[in-house]
1. Let me have the 222 nm mean residue ellipticity of the protein assembly as shown computed from DSSP H runs of 4+ only, each contributing -39500 (n - 2.57), with the sum over all residues rounded to the nearest 500.
2. Restricting to Cα atoms and excluding each atom paired with itself, what does the Kirkwood estimate give for chain A in Å?
3. Take peptide A:100-109, look around each residue's Cβ out to 10 angstrom, count Cβ atoms belonging to other protein chains, and average those counts.
4. So how do B:435-442, A:272-279 stack up, highest first, on mean other-Cβ count within 10 Å?
5. Taking θ as phi - 60°, what are the ³J(HN,Hα) couplings along region A:190-196 by the Karplus curve (6.51, -1.76, 1.60), each to the nearest whole Hz, with x for Gly and Pro?
6. Across region B:353-363, in residue order, what do the Karplus-derived ³J(HN,Hα) couplings come to in whole Hz, using 6.51 cos²θ - 1.76 cosθ + 1.60 with θ = phi - 60° and x for Gly and Pro?
7. Counting partner chain Cβ atoms within 10 Å of every residue's Cβ in B:442-448, what's the average?
8. Tell me the accessible surface of A:Met229 in square angstrom (1.4 angstrom probe, heavy atoms of protein chains only), to the nearest ten.
Amino acid sequence: MRAALGDAETGPVPPPTSREREEGLRLEGLTVRYGSTTALSGVDLVVPRNEVLAVLGPSGCGKTTLLRTVAGLERHSQGGISFDGVDLSRVPVHRRGFGMVFQDGQLFGHRDVAGNVDFALRMRSVGRRERRETVARLLESVGLAGYQRRRVAELSGGQAQRVALARALAAEPRLLLLDEPLSGLDRILRERLAVDLARVFDRASMTGVLVTHDHDEAFTLADRVAVLMGGRVEQLDTPWRLWHRPATEEVARFLGCGTVLTAYADDEAISCALGSIPRPEDCPTGPVRFGLRAAGLRAVRSTGRSGTGEPRAVVRERLHRHDHVRLTVDVPEDPGLGELEAVTAHGDLAELGEEVTLTLDSTGVAVIPEKSRSRDSVG
Amino acid sequence: MTRERGTHAGPRPRGHGATTTAGAVLVLGFLGVFFAWPVVAILRLGLRSGIDEVLTRPDTWRIVAFTLGQAAASTVVALLAGMPLAYVLARVPVPAKAVLRALITVPFVLPTLVVGMAFRALLGVSEPSAWAIVLANAFFNIAVVARTVGGLWAQLDPRATDAARGLGAGPFRAFRTVTLPALRPALWSAAAVVFLFCSTSFGVVLVLGGGRYRTLETEIYLRTVRLLDLPGAAVLSLLQFAAVLAALAVAAFARRRRESALTLRRARGATRRPSGVEWVTVAAAGAVLLALAAPILALLVRSVSSRTGWTLAGYRALSGTGGVLDVSGWQAAWNSLRAATDATWMALLLGILACLVLTSLRNRWATELMDAALMLPLGVSAVTVGFGYLVTLHVLPGDLRTSPLLVPFAQALVITPLVIRTILPVLRSVDQRVRSAAATLGAGPWRIRREVDLPLAGRAVVTAAGFGFVVALGEFGATGFLARPEAPTLPVAISALIGRPGELNTQMAYAACVLLMLVTAGAVLVIETLRSDLSGEF
């Protein structure tokens, strides 16, 4: 857990349950190499029973490799995988009792929907009647009641993914592995299916590992999220803490903080060049950094309101979003800040080249601990 | 993220690796005993005396030159004639396309002797003719071009051509700059295979070339059977082997590029009504179809006509015994069916096992080597194999030389490469993640084979069985050597009939050809209706 916990400044990780030491999935120092490239290096992770862990990271970070290694589809070169304290290194894929939902379903094209869902049951020689009942129940639970005889090719992307989920659940896996299960779907479908998935997990008290590059997906479905970058776990935290207290600048940037500024926390507030926010209780005093998302800076036209001491910026670009306008601005007095993103309301629109006043909004500000080894931040 | 397809398989339990090795040993062992050993024995027999004597004979090089020359000419003709058909198969909405595809395929599986006789009937010559040889070889292989190229063409996204047209390219320019480069792997693959078939063509050259036009294959036959000149035959075999290896290397190179490009998805809206100059191509395809039908019609007509008018004498004589044949034509047909059936199940067993091993091996070099080794029987003269059996197999317990299984063994060896080339591409195109999915659902390695691979390759297996069967039916090179006189197959009977003078014998030979053609065509039509959309390589 050492690497996963991050540094002391991140604050405490949610307390591990007492069962954690014996139960669930445990990865210790897991390292996977392909020839000379290292896909995973020294990953330590624990997924207690009845918890869903999301592994979040940019493409190429090794997250799919992590999942495939847990499933037994890749061999690891160092470290250990165990479940409920039993070492799995020598257990082949089909005996691990883990279910897996693949990125684009990977349904069996030569079988109909029922034939896909009852595959695992046939592998275990379950009787025909019980199979039929289980298939009906599972299809109903994923919202596809009555689809038994449909051909796989006739299913839409969302339906195929639901069948893939039912198929994985039929094995009653002790651990469910999901490889970007929603990434092939359009936005509306993705959101709906994410909610459905969360419901299924809840009802089944599922233990699971979900791999995704989409933080919305991770936050919706997972109890805890591990951020994987360059084959290493950068941070393991709850969704809230990950969003608001990223452990490193890289994590902050991956989670949408376009600007990182040096800041200082005193007893009352944390301040930076663009202003200050009240200090949250879990932030220690001393030097820190701010990760600013667009919503972290609010821009208001400065016409007729001068001398308040707030920083002034000039609008360079305007982008209309669904419920706000996103501005790209720069601060003439402090060119070192570079281009900043800020939001403004539709009603009070500044023209290009016009001057605006910037204020910090704590909901869009992530606090990153200052670390001596980290690179110099912007500003 | 690692998202391999096909090539990278997950780790397997150690037991599976051992099973794969055992499978490989079994397949290669069979190949060793029933192919390598007889062939090597023949070569050694021959090479005991001097190579240089044969190599310095001007005659030898004339034969080599003719072999390569006629093969190159046939390949060019087959490519030119096959392209319009490939276009029609891939791009034009033809009603009952399966029937069209079957019709195009019939020539390819017709026995070589039948094709030789059909061209003899068509051209009305009994004089040896180099052009007849080239045309007959091309006739055979047009189907290979049409199907190989057409198969890839159908999977190309037509919107790429549309884009080129939209950017100002004329139809010919768009074809030359967009479609043709995309088809190149299939074209190379087809050309290499056609060249291979043409340069080892036997029956056609034997019937149409007479004594004047000889290829390596017929010369090996003549030297072995007629002249008992084993050293000469062995040296020629070596020469042929070298040429074949070169052609196979080209084919393998092209094939790898094609298999990696193969996707299981067929582009929607790939077929559309031709317009403008495209009609010229359609007309050309029609002309090729007529040209394909002509020899077959000529054969049919010739079988019921003689100098004096219409007659069924050939067929009547065929149903009785006597004359040059020890058995009736029907008996010979029955022998053919039985031998081909046995050869088919043997080749299926061997071929499927080989495919499973080839898709299980993790070492790329081992896979390539084994793949190549399994293709070798394509390239070695069937005559050599047949003769090799006679020299070696008495050593094995239970003298195979007198066994009725001897002919099927030889035929199985000839058709196994065909079986493998039909099934292997389909297995290789199965997404590895589908297998992974089955594994996570509790299927062990062999269960995955049974539940995923075999069903997905099911139709390819049916196709392989069908094609293997018809090719075995027409096989003559090895069968001619090994068939016992009291149990000739139809091709053996035809060959015996051609060799005898007399109008009735000729008449019977034509009738027997028609009989063999009908059996073959019927089998092809059955296969085509069962066949998957995705064609293998032949």
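The values are calculated or read from the model by the stated rules, or taken from the named source; none is laboratory data. Bear in mind the structure is a predicted one, so any value in this text is a computation, not a measurement. Glycine gets a Cβ as well: all are built from the backbone with ideal geometry, and neighbour counts include every protein chain shown. The area values use the complete protein model at the heavy-atom level, side chains included, leaving out ligands, DNA and RNA. Shrake-Rupley method; radii C 1.70, N 1.55, O 1.52, S 1.80 Å.
1. Result for the protein assembly as shown, helices only: -16500 deg cm²/dmol.
2. This gives a value of 23.0 Å.
3. Mean shielding count: 5.
4. Highest mean packing first, the order is B:435-442, A:272-279.
5. Once rounded to whole Hz, the list reads 5, 5, 5, 5, 4, 5, 4.
6. With the stated coefficients, region B:353-363 comes to 4, 4, 4, 5, 5, 5, 8, 9, 4, 9, 7 Hz.
7. Per residue, the number of nearby Cβ atoms from other chains is 5 on average.
8. 30
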